[in-house]
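Down below is the structure, laid out as structure tokens.
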Amino acid sequence: MRLWGSRMGKDLDQEVADFSTSINEDQQLYWFDIIGSLAHCKMLRKIEILNETEAVQIQKGLVQLLRDIEKNQIDLSIYEDIHSAIEMNLKQKIGKPAEKLHTARSRNDQIVLDERLYLREKIIHLIQEINGLQKGFLNLVQKYPDLVMPGYTHLQPAQPVLFAHHLMAYFFMLQRDAERLKDALTRFNQLPLGAGALAGTSIPIDRKYVAQLLAFPAVQVNSMDVVADRDYLLEILGALSIAFLHLSRFGEELVLWSSPGFQFIIIDDAFTTGSSIMPQKKNPDIAELIRGKAGEVIASWISLVITLKGLPLTYNRDLQQDKPPLLRAINECEKTFHIAARLINNIQPNPEKMEAALQKGFLTATDLCEYLVGKGVPFRKAHEVVGSIVREQASQDKSLHDLNYEELEKYIDCIDREVMVVLDEKQSINRKQSEGSTSPREVKKQIVIAQKLLDQWKAYYTCIEKEWQSKYELLLSGE
């Protein structure tokens, strides 16, 4: 079951074999290994390493092998790796022509090709899942465009904001997450095949032709870099780690907002759990799990970083350890983005509790400062005056609303009756003028921008998926 045994005087120790196999992970790459092999076969025919009969036999054998694997008719787990499984089963099907397929390639460049083909599709799928979550935020924003809530710094009441504005912050975090994945795809979407073990090959292969067959815009330049490089995995795992920091923050806010101390939102019962001992409990477990999954993804990035640290060029068996953290992270991300999108569509805000919270914490103190600035008072002096008002009201367990116009005049002699409107939390958002602020006008602009971005994403991945699919169909058809 091994491709390299000719050098050895005895078979591999069974315990060592079990320890060193990678098939449990890389059998997930079978489809991409076969597609890459189909492209390689076509190129070998072009340079006349294969004759027409051999090329047709290999192509048909690989397609049949693909169907057999998809029908679970082949036990891949008994092989050392996915490359061995494909090559050995192909030989069983078509005989000697299969022995020519590995010409001018190594498992070192083959696995990098498999990973890049796999990740191309996964990145597009992850972007689609992120877009699904963005749509969830946008839908909730459009349902509640006028709802005002407290904004917080240090988890202390700060200033009034639109609920929609708060949610749109997550939309644009996720936008950057999707853009980072797209950027990573742009960098790694190059053909590695043809590097061989590390030094290339003396056989006159046509790498650009293979790149064209597999829809790679370019060929990787340095053969040593090809087999040693795992930067693209680090970049993807890094981007996903940042995305999960965002999801973790979102999960935390849902936990807080659904707690008795806030009661800003109600989570649908279908997305909560109870307690085996306390019958009254309704726990935000899904939000907590979303928060907790960040550790798994970040750990995957750290695991690969440590594996790569200090490795000499070029291929080392340590690199086999790139797949467990990668596949684990991709799997967690796909599930979590999807469930997070469903969760956001199953919460509803509690306007009464938000409005009650607006009355606490002196949320319009900054508005009063800015009002005084408009009356010619230096900001630092305005800050001092308003701070003293807040201090005195707080000492009496009162709010700014407990002050009437005559009482305010005792503190500030340049005011007019407009000041009472300035203290209104719901009016606060309408006074905001800066671009990107929480004013209804600016939030409407954000919504328009957000919808355009989602439309652009759909056009992007629809186009790129169509290109890849057309190339793969040609390879599978043998044309």
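The values are calculated or read from the model by the stated rules, or taken from the named source; none is laboratory data. None of these values were measured; they are calculated from a predicted model. No Cβ is skipped: glycine too gets one built from the backbone with ideal geometry, and neighbour counts run over all protein chains shown. Heavy atoms of the whole protein, side chains included, go into the accessibility calculation; ligands, DNA and RNA do not. Shrake-Rupley method; radii C 1.70, N 1.55, O 1.52, S 1.80 Å.
Odds and ends about this structure:
- Assessment of the range 287-294 against the conditions (assigned to a helix (DSSP H, G or I), crowded, with 18+ Cβ neighbours inside 10 Å, without any contact (Cβ under 8 Å) to a residue 40 or more places away in the chain and aliphatic (A, V, I, L, M)) yields no matching residue.
- Options Asp177, Asp225, Asp183; residue that is open to solvent by less than 10 Å² (accessible area, probe 1.4 Å), among the acidic types (Asp, Glu) and part of a helix (DSSP H, G or I): Asp177
- Top-ranked residue in the range 357-368 [being open to solvent by 10 Å² or more (accessible area, probe 1.4 Å), at negative phi and at pLDDT 95 or above; ranked as nearest to the chain's Cα centre (by Cα)]: Ala357
Here's the yes/no breakdown for (1) touching a strand residue (DSSP E or B) at 6+ places or on another chain (Cβ under 9 Å); (2) not β-branched (Val, Ile, Thr):
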{"residue": "Cys414", "(1), (2)": "no, yes"}
{"residue": "Val422", "(1), (2)": "no, no"}
{"residue": "Ser428", "(1), (2)": "yes, yes"}
{"residue": "Gly436", "(1), (2)": "no, yes"}
{"residue": "Arg441", "(1), (2)": "no, yes"}
{"residue": "Gln451", "(1), (2)": "no, yes"}
{"residue": "Leu454", "(1), (2)": "no, yes"}
{"residue": "Ala459", "(1), (2)": "no, yes"}
{"residue": "Cys463", "(1), (2)": "no, yes"}
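- Criterion (open to solvent by less than 60 Å² (accessible area, probe 1.4 Å), of a type outside the set (Phe, Trp, Tyr), in contact with a Pro (Cβ under 7 Å, 6 or more places away or on another chain) and modelled with pLDDT of 95 or more) met by exactly one of Ser248, Ser258: Ser258
- Test: residue in the range 384-400 that is open to solvent by less than 10 Å² (accessible area, probe 1.4 Å), touching a Ser or Thr at 6+ places or on another chain (Cβ under 9 Å) and either more than 24 Å from Pro150 (Cβ to Cβ) or touching a residue at least 60 places away in the same chain (Cβ under 8 Å) (or both): no
- Among residues of the range 184-211 that are on the phi > 0 side of the Ramachandran plot, those with a beta-carbon under 6 Å from a residue that is of a type in the set (Lys, Arg) and buried (at least 16 other Cβ atoms within 10 Å of the Cβ) at least six positions away or on a different chain give the pairs Gly194/Arg207.
- Of the residues making up the range 244-259, not a single one is of a type in the set (Asp, Glu), more than 30 Å from Leu181 (Cα to Cα) and assigned to a helix (DSSP H, G or I).
- In this structure, Ile330 does not satisfy being out of contact with any helix residue (DSSP H, G or I) (no Cβ under 6 Å at 6 or more places or on another chain), in contact (Cβ under 8 Å) with a residue 60 or more places away in the chain and open to solvent by less than 30 Å² (accessible area, probe 1.4 Å).
- Applying the condition of being charged (D, E, K, R) and not in a loop (DSSP other than H, G, I, E, B) to the range 389-403 and asking which residue is nearest to Ala365 (Cα to Cα) yields Arg391.
- Among (1) outside any loop (DSSP other than H, G, I, E, B); (2) open to solvent by 10 Å² or more (accessible area, probe 1.4 Å); (3) closer than 20 Å to Glu352 by Cβ; (4) in contact (Cβ under 8 Å) with a residue 24 or more places away in the chain, the one test that Asp146 misses: (1)
- Each residue in the range 454-471 was checked for being among the charged types (D, E, K, R) and either open to solvent by 80 Å² or more (accessible area, probe 1.4 Å) or without any contact (Cβ under 8 Å) to a residue 12 or more places away in the chain (or both), and 4 of them qualify.
- Residue ranges of helices (runs of 4 or more DSSP H) in the range 1-115 with at least 1 members open to solvent by less than 10 Å² (accessible area, probe 1.4 Å), of a type in the set (S, T, N, Q) and out of contact with any Phe, Trp or Tyr (no Cβ under 7 Å at 6 or more places or on another chain): 30-46, 82-94
- Failed condition for Ala382, given (1) closer than 30 Å to Leu138 by Cα; (2) part of a helix (DSSP H, G or I); (3) out of contact with any Pro (no Cβ under 7 Å at 6 or more places or on another chain): (1)
- Of all residues assigned to the range 340-353, none qualifies as being surrounded by 14 or more Cβ atoms within 10 Å (Cβ to Cβ), touching a residue at least 40 places away in the same chain (Cβ under 8 Å), of a type in the set (A, V, I, L, M, F, W, C) and within 30 Å of Ala195 (Cα to Cα).
- Condition check for Thr314 on (1) more than 22 Å from Arg120 (Cα to Cα); (2) without any contact (Cβ under 8 Å) to a residue 40 or more places away in the chain; (3) of a type in the set (S, T, N, Q); (4) touching a helix residue (DSSP H, G or I) at 6+ places or on another chain (Cβ under 7 Å): one failure, at (2).
- Count - residues of the range 430-452 that are of a type in the set (Asp, Glu) and crowded, with 16+ Cβ neighbours inside 10 Å: 1
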